[in-house]
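Visitor: Pasting a structure here, questions to come.
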Amino acid sequence: MRQGIDYTPRRATELVCDALQDTRIVVINGARQVGKSTLAERVLCQIPNGVARFLDDPATRTAAIEDPVRFIRHDGLMLIDEVQRVPDLWLAIKHLVDREPRPGRFLLTGSARLLALRSIPDALPGRSETIELWPLSQGEIDGEPDGFVDAAFEQGPDLRGEPRGLRRKDYLARAVRGGYPEAVKRETPRRRQRFFEGYIADLISRDIKQVADIQRTGEMRRLIALLAAQTGGLVNFNRLGSELSISTPTVRSYVEILETVYLVRLIPAWATNTTTRAIATPKVVFVDTGTAGYLTAGTNDDLFAGRLLENFVLGEISRQLTWSQTSARLYHYRDRDQNEIDGILENNAGEIIGIEVKASETVRSDDFRGMRILQRRLGSRFRAGFVLYCGQDSFSFGDGLTCLPISALWTTGTGWPQAAQDGIDRGSAGHRRMPD
């Protein structure tokens, strides 16, 4: 097993272990360098008779290409790392798990949204579960609970955050650092800059070419820089096409590719029949704010700082949505009267949490303007509205409205489940739940 010396426990470990109990194929998907292989190996080492196959090794990849059926033949759990490198494996895996449908057969990893790749011949509906692994959350880095999403729906406006002594400059420093494990462990901005420089180069030269035949890579590089400059803003495909001198459909396809390789994510607009004046344009955020910070180094205006912190907050919430007990979806809201809310969380019951992000260390009543308007329109569906800001204190701003320090995102909650910390037997399959 290829194990690193320093390892930060990941909350996705429990999700993977649970999925292996009842699902034939578990896929760990996510961006390059987020720790997919390491997580998978940590899970595998707790399972008797597990084997690992790494397709970045030329000899292993050749064996998989030449005889995919024999390559996957094994009685226990098989980890196949970077499975998208040999597309023919998918049909062989599908055939095998259909004939022998026991859970916990395959643990697969990939650096792109695998089923979106042109080279993948067939999906695996009903046979697989995909778990997205994001860059490290602030709670994973600091050893904090990361429980804001659940607490917001459970406690509503009564939720309060614990002061952590963080100020605006501290939050911006965290945003620029990002969450890639390799970047987090580097101690100086210069060393992190070198990491991001190589990261973007590899993404364009390797990952993107797995998804599409992009000949003019310079256009893609410029598009990435333009998206970083407007992170947290609405995507204007026409304007981007004009600045790059390419067609709007081409820009849309390029952005779709950047989503496929987990560089950016589009947050859809939220609307109901009660908000008929809502704008349907999505908002773009970077999966890791460190990448956006690197691409915009030297930009010091307050507008960009606000957008970067908004991206930072929405990214932390997106991470939590992969493990929270509450099933919810993330949107943004803006209407034609310029009323807007940076983030909207909606659970399965249709309850709404509004989230506004402020890059200041003070909060004004007017900062809740958009949420008050939505609260009046939605009535009891509006569970709570929060302004997350760079100050220290938590205050009520009227019925259903509260301000919290941004750190409440990761300091709120009851901590990790004891089973995820200590490890417990996972039943007849012989799995153990361990921190990875």
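The values are calculated or read from the model by the stated rules, or taken from the named source; none is laboratory data. Please read all numbers here as calculations on a predicted model, not as lab measurements. Positions of Cβ are generated from backbone atoms using ideal geometry, with glycine treated the same way; all protein chains shown enter the neighbour counts.
Visitor: Can you name every residue in segment 132-145 that is within 18 Å of residue 263 (Cα to Cα), of a type outside the set (S, T, N, Q) and modelled with pLDDT of 95 or more?
Guide: The answer is 133, 134, 135, 136.
Visitor: Okay, next question. Of the conditions (1) more than 23 Å from residue 110 (Cβ to Cβ); (2) outside any helix (DSSP H, G or I); (3) in contact (Cβ under 8 Å) with a residue 12 or more places away in the chain, residue 215 fails just one. Which one is it?
Guide: (3)
Visitor: Could you identify the single residue in 41, 66, 100 that is surrounded by fewer than 20 Cβ atoms within 10 Å (Cβ to Cβ), of a type outside the set (Val, Ile, Thr) and at pLDDT 95 or above?
Guide: 66
Visitor: With respect to residue 315, is the statement that it is surrounded by 19 or more Cβ atoms within 10 Å (Cβ to Cβ), modelled with pLDDT of 95 or more, in a loop (DSSP other than H, G, I, E, B) and out of contact with any Cys (no Cβ under 7 Å at 6 or more places or on another chain) true?
Guide: When the stated conditions are applied, residue 315 does not pass them.
Visitor: Taking segment 365-407 on its own, how many of its residues are modelled with pLDDT under 95 and either within 19 Å of residue 146 (Cβ to Cβ) or aromatic (Phe, Trp, Tyr) (or both)?
Guide: 0
Visitor: Would it be correct to say that residue 258 is outside any loop (DSSP other than H, G, I, E, B) and surrounded by 21 or more Cβ atoms within 10 Å (Cβ to Cβ)?
Guide: yes
Visitor: Select from segment 44-63 the residues that are farther than 21 Å from residue 24 by Cα and within 28 Å of the chain's Cα centre (by Cα) and write down the one among them that is modelled with the lowest pLDDT.
Guide: 56
Visitor: Inspect segment 260-279 for any residue being at pLDDT 95 or above and of a type in the set (S, T, N, Q) and give the result as yes or no.
Guide: no
Visitor: Let me ask something else. Considering only residues that are in contact with a Pro (Cβ under 7 Å, 6 or more places away or on another chain) and of a type in the set (Asp, Glu), which ones fall in segment 15-55?
Guide: 22
Visitor: Still on this structure: If you check 296, 248, which single one turns out to be among the polar types (S, T, N, Q) and surrounded by fewer than 16 Cβ atoms within 10 Å (Cβ to Cβ)?
Guide: Within the list 296, 248, the selection yields 248.
Visitor: Using beta carbons and a limit of 8 Å, which pairs, at least six apart or on different chains, have the first residue in segment 389-403 and under 17 Å from residue 169 (Cα atoms) and the second one of a type in the set (Phe, Trp, Tyr)?
Guide: Note: pairs meeting the criteria are 390/171.
Visitor: Out of the strands (runs of 3 or more DSSP E) lying entirely within segment 1-94, which hold 2 or more residues that are without any contact (Cβ under 8 Å) to a residue 40 or more places away in the chain, touching a Leu at 6+ places or on another chain (Cβ under 9 Å) and closer than 30 Å to residue 291 by Cα?
Guide: Filter on segment 1-94 gives 78-81.
Visitor: Looking at segment 234-252, I want the residues that are closer than 16 Å to residue 216 by Cα and free of Cβ contacts under 8 Å to residues at least 40 places away in the same chain and have a partner that is assigned to a loop (DSSP other than H, G, I, E, B) and of a type outside the set (A, V, I, L, M, F, W, C) with Cβ atoms under 8 Å, at least 6 apart or on another chain. Which pairs are those?
Guide: Correct list of pairs: 241/247.
Visitor: Which number in (1) surrounded by 16 or more Cβ atoms within 10 Å (Cβ to Cβ); (2) modelled with pLDDT of 95 or more; (3) polar (S, T, N, Q) marks the one condition that residue 155 misses?
Guide: Among (1) surrounded by 16 or more Cβ atoms within 10 Å (Cβ to Cβ); (2) modelled with pLDDT of 95 or more; (3) polar (S, T, N, Q), the lone unmet condition for residue 155 is (1).
Visitor: I'm checking my understanding of the structure. Among residues of segment 181-212 that are part of a helix (DSSP H, G or I) and of a type in the set (Val, Ile, Thr), which one is modelled with the lowest pLDDT?
Guide: 211
Visitor: Can you tell me which condition residue 224 does not meet? The list is (1) at negative phi; (2) over 19 Å from the mean Cα position of the chain (by Cα), and all the others hold.
Guide: Residue 224 satisfies every listed condition except (2).
Visitor: Only one residue in 305, 271, 297 is within 30 Å of residue 377 (Cα to Cα) and in the same structural domain as residue 374 (by TED's automatic domain parsing), so which one is that?
Guide: It is 271.
Visitor: Test each condition in (1) within 29 Å of residue 38 (Cβ to Cβ); (2) touching a strand residue (DSSP E or B) at 6+ places or on another chain (Cβ under 8 Å); (3) surrounded by fewer than 19 Cβ atoms within 10 Å (Cβ to Cβ) for residue 228 and report the one that comes out false.
Guide: (3)
Visitor: On the given criteria, is residue 79 buried (at least 22 other Cβ atoms within 10 Å of the Cβ) and of a type outside the set (Ser, Thr, Tyr)?
Guide: yes
Visitor: Here is a list: 337, 366. Which entry is more than 17 Å from residue 269 (Cβ to Cβ) and either more than 27 Å from the chain's Cα centre (by Cα) or assigned to a strand (DSSP E or B) (or both)?
Guide: Criteria check complete, one pass: 366.
Visitor: I would also like to ask the following. Suppose we keep only residues that are closer than 16 Å to residue 323 by Cβ and of a type in the set (A, V, I, L, M, F, W, C) within segment 21-43. Which one would you say is nearest to the chain's Cα centre (by Cα)?
Guide: Only one residue tops the list, namely 34.
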